[in-house]
Structure formats: C-alpha cells, structure tokens
Amino acid sequence: MKPITVDGLHEVIDRLAGRKIAVLGDYMLDRYIWGAVSRISPEAPVPVVEVQEENTVPGGAGNVVRNLADLGLVPLVCGVIGEDDNGMALASHLQEMGADLMPLVQNSMCRTTTKIRVIANRQQVVRVDYDYAAEPTSELCDELISRTAEALDQADAMIFSDYAKGTLTEQVSREILARAREMELTVCVDPKPDYIPRYTGATLVSPNEAEAASATGIKITDGNSVIAAARKLQETTELSAAVITRGGKGICLYEGRGVAHLIPAVPTEVFDVTGAGDTAISALCACLSCGASLLQAGIIANAAGGEVVRHIGCATVTPQQLHEAIDENAEVIEEIQTIEVAQA
C-alpha cells in the first residue's frame, strides 16, 4: 500500500469536480425555524420561541445530493416525491444546486415527507415530522427502476441513501444493485440495520456504531469490537469493504483483504451531528469515484465530518474547506492505526 501523504489527499480533492454520482433513496424536505427564547409559556411549561427566520433545504437523500453538489460533483437524483407544495420546493432546491432531476419520479398521488426543526438559542427545541413513509406502487417502482437504470449509464458511482421511508424496496434495491454491478460501478450504501442484507454485493456499507451493533449483534465498546463488527458486515454481505462512522471517535475501515484502519476524529467543537452520516457517505463515494484508495477516501470523509458537526443543522463542506481541514489536521495521518486481521 502506498504511503498516505497530504499532497496525495489534496490531489484527490482536486479530482472531484464534475464527477457524476447517482443518488437513489428517500428524499425529504427539511424546514428550519430559527428564533430565540426569553420566557416560558403561561399555558404550559414550554419555552416560547420568537421566530426570527425560516428556511428549507433538501433532507434525507436530498442532503446527500447537497453534499455532493457543494463538493463540485453532479448528483443524479433518483427517487420518488410528491407533486405537493413541499415536493415542488424540494425539486426547486435540488435543481438550483445543479443536480440532474431527469431520473426523479414526481407523482400527484405521493406526499413528500417533511421534517420541521425549531431551533432557539443555538439548540433544537422540538422536531415536527410529516412522515409519509410508504412503498411506491408497482407502477412507480417500475418507473423508478427504469429511470435509475438510465441514470447509471452516465454515472461514475452510486449511493443508496436509505432512511426507511419506503423508496428502497427489496425489488428496487436488488435490481438496481445488480445493474450497477454489471457495469462495475462503485456502490456505497448508507443503510438502516434491518435492510443491510438486501445490499449484498455492494462496494461498501457505512452505518454508524449503533446501526452496526444492531446489524451484527456485536456490542461495540472499543477498537477491537468495532473492527469485529466491520469484519462481520463485510463478510456476511460480500462487500469489498465496510465503514463504520464513530462520531467523536472517528471512522473504522475494514477491507476485504483483512486490513482494518482506525482513523481518529478530527479535534473540533461539536454543535450538531445532524447529517454527518450523509456527509461521510458523500465524501467516501466521491473520492472512490475518482480513483482514491479506501484509506484516502476515509481520511477525507473524516475531515469532512469534522467540519459539518461544527454547525447547527445539516451543513456541508466545499473543496476549499476540505483542503484547509486536511492541512490543519495533518497530524491525524500519523495517528491512524492499521491492523492486520487474522483470517478465519
């Protein structure tokens, strides 16, 4: 394995621009209400939020699209949303980012899942969900599969963004994954634990520690146990690699050849981990799509995650911010633990 250098990481980041990534998953709209609290309601023991600002951004798989777009890539939007007001707002946001909406299925019979977060004094006060999780009809599934298959013809890699809202049915997941494998595309999956088996044969899955523990039955308490969980994920689902994001402890990478890497977290003040998993899978897939090694991709994804948790809400990073983060945290490279795992 070639040694990892800061210059090499910068070269990977410079190659990201213009790569096309198909993003198949559950698309939602996130609405933020920002304000301040100065008193408690006389009606109930709850804070009164005086609204100062409101905005909407793409959520779910849409946040993956947002991350990719801000990194300079071209996301191909593959999913199903409604033709309701929230769906139209979501489509408008995605289009403004430069994403390709040709594969997107919009249907008047669907309703767009929307999450409303009320944030006051830099803290989330409450979240209100309009959750319309449901599997698409057979006709919509067929249309989604057809449009996504066409999108793969121009994609450099693919992401499955599974929020368990119904879009990624077993039929959709398996048919599209099979198509991507035929084309030898890199396929990265951000899964829900119960659905990991349907992504057998993908390039990698990237759950967080809690999700990995749930999927494998292994209690994750330290480096050895997280490697054991990653190894079980890789072996049982025939992946090239398994990646487990560990929040304030960094990232664990396990390669099919029996090598594990423990990348420590970038030292930073954490304000909000919302959307950090989307940032990680976006950066991983983006880097792999342009020829980076798994370890290079993991280091860059780790740096990207360290940037977004410094902000409230679903933040993203730009190539310039990534370049700066790599330079500022170059010592992380020296602290990576690479472990040879004995094969059974």
Filter the cross-link list K219/K249; K165/K249; K115/K232 down to pairs whose alpha-carbon distance in this structure exceeds 26 Å.
-> K165/K249; K115/K232
Arranged by the count of other C-beta atoms within 10 angstrom, fewest first, what order do I21, I333, I339, I159 take?
-> I339, I333, I21, I159
So if we plug the beta-carbon distance of A164 and D142 into 1/(1 + (r/R0)^6) with R0 = 25 Å, what FRET efficiency do we get, rounded to 0.05?
-> 0.70
Is any residue of segment 95-112 close enough, with backbone N under 19 Å, to a label point placed 7 angstrom from the Cα of R179 along the Cα-Cβ axis, and if so, which?
-> 100-107
Between V189 and residues 5 or more places away or on another chain, which pairs have amide H atoms under 5 Å apart, with H built 1.01 Å from N, and which residues are they?
-> F160, L204, V205, S206
One would report the antiparallel percent of DSSP beta bridges in the chain, rounded to the nearest 5, as 50
Expressed in angstrom, Rg and Dmax over the Cα atoms of the chain are 19.8, 65
Taking a spot 7 Å from the Cα of D153 along the direction of its beta carbon, which residues of segment 73-97 have an amide N less than 19 Å from it?
-> 75-79
If we count GluC sites (Glu not before Pro) as exposed when they sit in a DSSP loop and have at most 10 other beta carbons within 10 Å, what is the longest stretch of the chain that avoids them all?
-> 44-183
Where trypsin sites (Lys or Arg not before Pro) fall in DSSP loop in segment 104-141, at most 11 other Cβ within 10 Å = R122
Treating cross-link reach as a plain straight distance, find the aspartates and glutamates whose alpha-carbon is under 16 Å from the alpha-carbon of K192, omitting any fewer than eight places away in the same chain.
-> D26, E135, D162, E170, E209, E211, D278
Label T338 and Q95 with points 7 Å out from Cα along Cα→Cβ: what is the distance between them in nm?
-> 4.8
Taking R0 as 56 Å, what's the FRET efficiency between Q171 and E50 from their Cβ-Cβ distance, rounded to 0.05?
-> 0.70
Would you kindly derive the ³J(HN,Hα) couplings of segment 25-39 from the backbone phi angles with the Karplus curve 6.51 cos²θ - 1.76 cosθ + 1.60 (θ = phi - 60°), listing them in order in whole Hz, with x for Gly and Pro?
-> x, 8, 9, 9, 10, 9, 10, 10, 10, 9, x, 9, 10, 10, 7
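Each value in this text was obtained by applying a stated rule to the coordinates, not by laboratory testing. These numbers come from a predicted model, not from an experiment. Note: ideal-geometry Cβ built from the backbone for every residue, glycine included; neighbour counts use all protein chains shown.
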